[in-house]
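Peer 1: Let me give you the structure first, and then I'll get to my questions.
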Amino acid sequence: MEKQRIKDFPFYCFKHLSRFERIKHFVSSEVGNIGFSDSEADETVRLNRCRLAEAVGFDVHHLITAQQVHSATVKVVTEQDAGRGALEKESRIPMCDALVTNRRGICLMVLSADCVPVLLYDPERQVIAAVHAGWRGTVTGIVRKTVAVMAERFACRSADLLAGIAPSIGPCCFEVGEEVARVFGEMFPADPEIVRQGKCMGKFQVDLWEANRRELLESGVRDEQIEIAGMCTVCRPEHFFSYRRDGELAGRFGAGIMLL
Ligand SMILES: [Zn+2]
């Protein structure tokens, strides 16, 4: 990823997506918490979102967010949904973890504090998606499901897709117990790249980046069209929020994409 700084607000962009002039995209960084929660005043979150929108160059009233629930539910949105969840959470798209559109001028954003945000772009059909893949979303195949919805609804071919796997908890820090390790072992059998023995007995290190890359490859996305940020949110307190590091009070950063 590359760091950009516009109007004093740094954010990150994927190198491969930055080549395309018909989209804007970002992963927010030091702009502050952009997730509505009990631990932050709504007004602060609104202000941070407005600053982010100004820096990246989208209309905050055309932002769409989802009530993320670690599901494999994908929703297609249109301009009628523009602004849902933009400046308050009540109106956000309920109970889903991936947003897809072929409409221009609306910014799809997922929020994260360790979970894996994935941005998808089809430059042939002009279709975009923003996906929230936590470990539960990853093992239920949210990314694969999103690629399937893009194909069904918009005739996207997976070989045309570009995918960006954004900063999130890395294999260095994602330690799980036997139960979660077993679920990954069933989803990705005999794959030592994804589940490794941890430092202590009964602990395992899981690589969510590789797991999501594998799902993209299995969906037909080409390896060279997948960019992994490779930045661990837990290891970078100066840049990203992390639930594992900061606990219940952790803020949220966002990954967003918009067709121009
Ligand atoms: Zn780490």
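The values are calculated or read from the model by the stated rules, or taken from the named source; none is laboratory data. Please read these numbers as outputs of a predicted model, since none were measured by experiment. In this analysis, Cβ positions are derived from the backbone assuming ideal geometry, glycine residues included, and neighbour counts consider all displayed protein chains.
Peer 1: With the condition kept exactly as written, say whether any residue in the range 184-202 is at pLDDT 95 or above, out of contact with any Pro (no Cβ under 6 Å at 6 or more places or on another chain) and of a type in the set (S, T, N, Q).
Peer 2: Checked the range 184-202: no residue is at pLDDT 95 or above, out of contact with any Pro (no Cβ under 6 Å at 6 or more places or on another chain) and of a type in the set (S, T, N, Q).
Peer 1: Also, quick follow-up: For the range 158-172, enumerate the residues that are more than 16 Å from the ligand (Cβ to nearest atom) and either assigned to a loop (DSSP other than H, G, I, E, B) or within 15 Å of Ser242 (Cβ to Cβ) (or both). Break it down into steps so the answer makes sense when it comes.
Peer 2: First pass over the range 158-172, keeping only residues more than 16 Å from the ligand (Cβ to nearest atom): 158-164.
Within the range 158-172, just Leu161 meets the criteria.
Peer 1: Of Cys107, Cys115, which residue is under 27 Å from Arg19 (Cα atoms), more than 16 Å from the ligand (Cβ to nearest atom) and not small (Gly, Ala, Ser)?
Peer 2: Among Cys107, Cys115, only Cys107 is under 27 Å from Arg19 (Cα atoms), more than 16 Å from the ligand (Cβ to nearest atom) and not small (Gly, Ala, Ser).
Every residue, every condition in (1) crowded, with 24+ Cβ neighbours inside 10 Å; (2) over 24 Å from Leu208 (Cβ atoms); (3) touching a residue at least 60 places away in the same chain (Cβ under 8 Å); (4) touching a Cys at 6+ places or on another chain (Cβ under 9 Å), yes or no:
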| residue | (1), (2), (3), (4) |
| --- | --- |
| Cys96 | no, no, no, no |
| Cys107 | yes, yes, yes, no |
| Asp114 | yes, no, yes, yes |
| Ala129 | yes, no, yes, no |
| His132 | yes, no, yes, yes |
| Val147 | yes, no, yes, yes |
| Ala155 | no, yes, no, no |
| Leu161 | yes, no, yes, no |
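Peer 1: Let me ask something else. Could you check Arg244 against (1) in contact (Cβ under 8 Å) with a residue 12 or more places away in the chain; (2) part of a loop (DSSP other than H, G, I, E, B) and say which number it fails?
Peer 2: With respect to (1) in contact (Cβ under 8 Å) with a residue 12 or more places away in the chain; (2) part of a loop (DSSP other than H, G, I, E, B), Arg244 is out only on (2).
For (1) touching a helix residue (DSSP H, G or I) at 6+ places or on another chain (Cβ under 8 Å); (2) assigned to a loop (DSSP other than H, G, I, E, B); (3) more than 16 Å from the ligand (Cβ to nearest atom); (4) under 21 Å from Ala129 (Cα atoms), each residue gets a yes or a no:
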| residue | (1), (2), (3), (4) |
| --- | --- |
| Glu179 | no, no, yes, no |
| Gly185 | no, no, yes, no |
| Arg196 | no, no, no, no |
| Gly202 | yes, yes, yes, no |
| Leu216 | yes, no, yes, yes |
| Arg236 | no, yes, no, no |
| His239 | no, yes, no, no |
| Gly251 | no, yes, yes, no |
| Ala255 | no, no, yes, yes |
